[in-house]
């Protein structure tokens with residue numbers, strides 16, 4: 001056994017160091033023959049005869065060498081090394097082909113690796129919680145209004161008590177926390193959570209402890225848990241932080257624990273799911289909050305199912321509880337709930353887009369493969385004589401097959417290695433693009449799983465584009481190839497059929513990709529042109545949040561806004577300025593009911609508090625009546641959007657002057673009806689109600705100013721105004737309103753740019769393919785063309801002939817591609833806006849583009865063919 | 001390579017080991033001569049066939065080789081038997097002896113006429 005092993009390892013080494021050993025052997029054998037010759041001479045033979053005798057006695061030197069060589073290395077390994085050497089030589093001889101092949105593979109494999117790392121990180125990796133399949137986020141549903149809304153805490157507490165399938169419930173509320181300790185004042189996302197939140201997710205603090213039930217009360221709630229990332233970045237991972245006091249929202253909080261950096265509760269409210277909460281404080285539910293049976297859908301809730309319980313059971317139990325609340329509140333409305341798995345909450349929104357990207361980039365790689373197979377096939381056509389000679393000399397078919405496959409694997413591996421480097425760069429770029437609202441983006445990296453995937457992909461790619469050419473080459477009939485001599489018309493034709501089929505495939509895939517890209521891009525342009533309800537030009541905005549004891553008092557907040565608005569409107573170049581609790585296109589907010597006094601019908605609308613200047617600053621059109629102004633102080637007034645007015649007074653043409661009850665349960669007089677404004681760009685505007693900010697002074701929102709010229713010119717003055725009003729106020733980034741709109745489209749832009757890039761590269765590759773095949777067929781038909789010309793064929797006629805032949809597979813592929821796209825585009829309906837998946841304009845456009853580009857790719861070789869000199873072509877034979 | 005050669009190679013390997021064991025380091029020519037002499041020149045081998053056997057033994061670690069200077073001041077490759085080669089020799093000598101004895105006895109049987 002050991003002997004065999006040792007021999008095997010020696011043979012392996014022999015394979016690698018074969019050359020030196022072979023020289024050694026030659027010398028040794030020569031020495032042996034010399035000794036034999038000398039002996040014969042000693043015995044008295046003449047030198048000539050002695051040498052002959054010695055050779056006879058020794059036997060064949062060559063066959064000795066050969067049997068030693070066979071024995072020394074591993075023949076299979078030697079063959080591979082030889083094939084590799086041969087492959088390298090072939091590629092070196094043809095650097096253009098090698099470069100095109102390797103680069104296209106690098107792009108294909110790199111793109112796939114990068115997209116896979118996204119898919120893997122976002123969709124496939126399980127969340128790091130304990131039993132994540134038992135954790136769900138809950139949203140409440142008003143079936144009649146057709147909308148999901150966040151959670152009312154009273155409802156959630158009832159589920160915890162009454163539903164046997166629900167083990168734990170955690171209600172929480174996100175906020176901004178102004179942190180003044182440890183550096184410049186900053187405002188970072190925080191969340192108020194119940195003491196059982198960490199237990200619900202099965203997460204232990206890495207330092208310190210979790211909250212106690214006792215800390216959910218006013219007075220004992222000045223404790224805070226920091227995220228590991230905040231602790232590291234701002235407090236240098238100082239372990240003595242636990243127990244220390246830090247200032248948040250201008251109040252002292254004792255740090256009691258540090259929670260692992262990866263942990264994020266499933267927060268199902270914000271449209272921006274990649275908000276990362278860094279500051280956790282205990283949730284204190286005041287008496288008021290505990291009494292509001294309806295409305296107040298301002299909380300997020302997560303539940304953990306009891307082990308063994310199903311989501312359907314839990315939902316049924318929750319819905320039983322839900323049915324009670326409208327009845328208790330005397331509202332004629334149905335109330336249900338829906339459960340969203342923790343994973344779905346994180347990945348759900350991104351799923352469709354990511355799978356689409358994966359499919360698109362996969363199609364690109366497939367096209368690259370098909371194209372390489374095509375290029376290799378044409379190389380093989382020119383090598384068929386060489387192959388025939390090899391076969392005639394005794395090379396086995398398997399060996400020929402392996403040789404071509406080795407060459408393609410060599411290309412694939414080189415391309416794959418480059419591609420992985422390319423992917424590493426791409427992933428870095430993706431992660432750095434923080435405007436992208438992709439969940440778990442920061443967790444994405446090229447880990448071993450992703451690398452394994454790209455290695456697998458590399459080998460698969462090499463096999464896919466290498467098998468067909470290898471099979472063809474090894475199958476060729478050497479006799480025919482040798483007999484046919486230089487004009488291999490018949491063999492060429494058969495190869496051509498196959499290559500035309502491949503062209504159809506390439507064109508079909510490119511057509512489908514182009515149609516998808518076209519649909520996405522026309523969705524994007526429609527979104528950009530959609531009637532937003534306001535004018536985003538020349539507007540500067542900055543987010544504000546007022547916190548701490550100073551602003552706990554409503555009159556202090558009111559004073560702040562009043563003075564700030566006065567200061568800001570005095571900035572030179574400012575045409576109008578205002579304040580609102582939530583900017584448009586940033587999502588829905590404050591969903592609470594309004595109603596007519598004395599009726600039961602509650603109408604949930606999107607409630608916003610604004611300053612009088614807001615509508616003018618945003619250029620929102622008044623439909624009826626007027627906006628509120630300073631003279632409305634002391635009176636309950638409101639402005640409703642057209643939809644909201646229709647909800648309250650369905651039949652009335654001009655309801656201005658009518659009265660209703662606002663979200664604060666106080667009577668309001670309608671003084672104006674205003675145009676619809678989109679809360680999210682890709683959804684129809686919700687019904688909205690606006691109130692003057694002094695009626696319920698908010699703790700935060702956004703300041704907007706409209707300037708005469710370039711909005712950014714006023715940024716410095718805006719910051720200065722904020723600083724001088726309150727030097728301790730954390731100032732967040734100042735943006736133009738156009739940037740705010742842009743940011744809400746970042747993900748779509750990213751998607752459509754990528755798909756467009758994929759489609760464009762697919763088109764380019766397909767063009768190369770068409771060009772290659774038509775050139776090849778023209779070369780094959782040189783004689784025929786020469787004869788036609790000699791017989792008097794017109795140039796135009798010949799052009800037409802070649803183009804017609806070249807375009808046949810293009811048209812076939814185009815038809816197939818359009819069919820596939822029609823069938824598949826329904827799957828991406830969710831990514832489209834204002835465009836049907838079967839949009840005829842997009843399809844027609846893609847058809848024209850492909851036909852024109854395909855025609856051009858045919859025309860170049862066709863012109864060459866038509867310019868052929870008849871005599872030369874015929875003599876060529 | 002046919003089956004006959006394989007058998008021959010096995011036998012030859014044993015002879016090479018025995019030669020190196022008995023005579024100390026030798027070059028290929030010396031081994032060939034020695035085998036011819038030991039068999040009283042009854043056994044005449046093609047010297048070339050020795051080399052694949054030497055290579056195989058070396059790969060198995062039964063012998064080692066190094067370049068040296070022959071008796072007539074020429075560069076030559078010398079082979080010597082290793083510890084593991086001696087073990088291999090000891091293991092194979094007995095069965096070989098038994099086998100030849102049995103075959104010899106068998107061939108010595110007188111035919112029984114019927």
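Residue B:105 falls short on exactly one of the conditions (1) surrounded by fewer than 13 Cβ atoms within 10 Å (Cβ to Cβ); (2) at pLDDT 85 or above; (3) within 14 Å of chain A (Cβ to nearest Cβ), and that condition is (3). The single residue among A:228, A:204, A:216 that is over 30 Å from residue A:287 (Cβ atoms), surrounded by 12 or more Cβ atoms within 10 Å (Cβ to Cβ) and touching a strand residue (DSSP E or B) at 6+ places or on another chain (Cβ under 6 Å) turns out to be A:228. For residue A:340, the conditions (1) at pLDDT 85 or above; (2) buried (at least 16 other Cβ atoms within 10 Å of the Cβ); (3) part of a strand (DSSP E or B) all hold with the exception of (1).
Checked against the criteria, residue A:568 does not count as under 21 Å from residue A:741 (Cα atoms) and surrounded by 17 or more Cβ atoms within 10 Å (Cβ to Cβ).
In summary, residue A:698 fulfils each of the numbered conditions (1) free of Cβ contacts under 8 Å to residues at least 24 places away in the same chain; (2) more than 30 Å from residue A:513 (Cα to Cα) with the single exception of condition (1).
Comparison of A:365, A:377, A:352 shows that the only residue that is touching a residue at least 12 places away in the same chain (Cβ under 8 Å), surrounded by fewer than 16 Cβ atoms within 10 Å (Cβ to Cβ), within 30 Å of residue A:757 (Cα to Cα) and touching a helix residue (DSSP H, G or I) at 6+ places or on another chain (Cβ under 6 Å) is A:352. Among the residues in region A:647-665, are any in contact with a strand residue (DSSP E or B) (Cβ under 9 Å, 6 or more places away or on another chain), farther than 22 Å from residue A:558 by Cα, in a helix (DSSP H, G or I) and touching a residue at least 24 places away in the same chain (Cβ under 8 Å)? Checking region A:647-665: at least one residue is in contact with a strand residue (DSSP E or B) (Cβ under 9 Å, 6 or more places away or on another chain), farther than 22 Å from residue A:558 by Cα, in a helix (DSSP H, G or I) and touching a residue at least 24 places away in the same chain (Cβ under 8 Å). The number of residues in region B:69-86 being surrounded by fewer than 14 Cβ atoms within 10 Å (Cβ to Cβ) and touching a strand residue (DSSP E or B) at 6+ places or on another chain (Cβ under 7 Å) comes to 2. Residue A:128 meets each of the listed conditions (1) outside the structural domain of residue A:250 (by TED's automatic domain parsing); (2) in contact with a helix residue (DSSP H, G or I) (Cβ under 8 Å, 6 or more places away or on another chain); (3) under 30 Å from residue A:239 (Cβ atoms) apart from (2). Selection of helices (runs of 4 or more DSSP H) fully inside region B:1-83 by the criterion of at least 2 residues being within 12 Å of another protein chain (Cβ to nearest Cβ) and modelled with pLDDT of 85 or more returns B:28-38, B:50-60. Restricting region A:39-62 to residues that are at the interface with chain B (Cβ under 7 Å from one of its Cβ atoms) and without any contact (Cβ under 8 Å) to a residue 12 or more places away in the chain leaves a set whose member that is surrounded by the most Cβ atoms within 10 Å (Cβ to Cβ) is A:59. Counting only strands (runs of 3 or more DSSP E) that fall entirely inside region A:117-194 and contain at least 1 residues that are modelled with pLDDT of 85 or more, the qualifying elements are A:135-142, A:166-179, A:186-193. In summary, helices (runs of 4 or more DSSP H) completely within region A:771-877 and bearing 2 or more residues that are modelled with pLDDT of 80 or more occur at A:782-790, A:795-824, A:840-866. Select from region A:276-316 the residues that are in a helix (DSSP H, G or I) and modelled with pLDDT of 85 or more and write down the one among them that is surrounded by the most Cβ atoms within 10 Å (Cβ to Cβ). So the residue we want is A:314.
Looking at the structure I just gave you, is residue A:80 within 27 Å of residue A:413 (Cβ to Cβ) and modelled with pLDDT of 80 or more? So residue A:80 fails the test. Can you name the residue in region B:87-102 that is within 14 Å of chain A (Cβ to nearest Cβ) and loosely packed, with under 15 Cβ neighbours inside 10 Å and is also farthest from residue A:34 (Cα to Cα) among such residues? Checked region B:87-102; the qualifying residue farthest from residue A:34 (Cα to Cα) is B:91. Here residue A:703 qualifies as outside the structural domain of residue A:186 (by TED's automatic domain parsing) and touching a strand residue (DSSP E or B) at 6+ places or on another chain (Cβ under 8 Å).
The values are calculated or read from the model by the stated rules, or taken from the named source; none is laboratory data. All of these numbers come straight from a predicted model, not from anything done at the bench. A quick note on method: Cβ atoms are made from the backbone with ideal geometry, for glycine too, and the neighbour counts reach across all protein chains shown.
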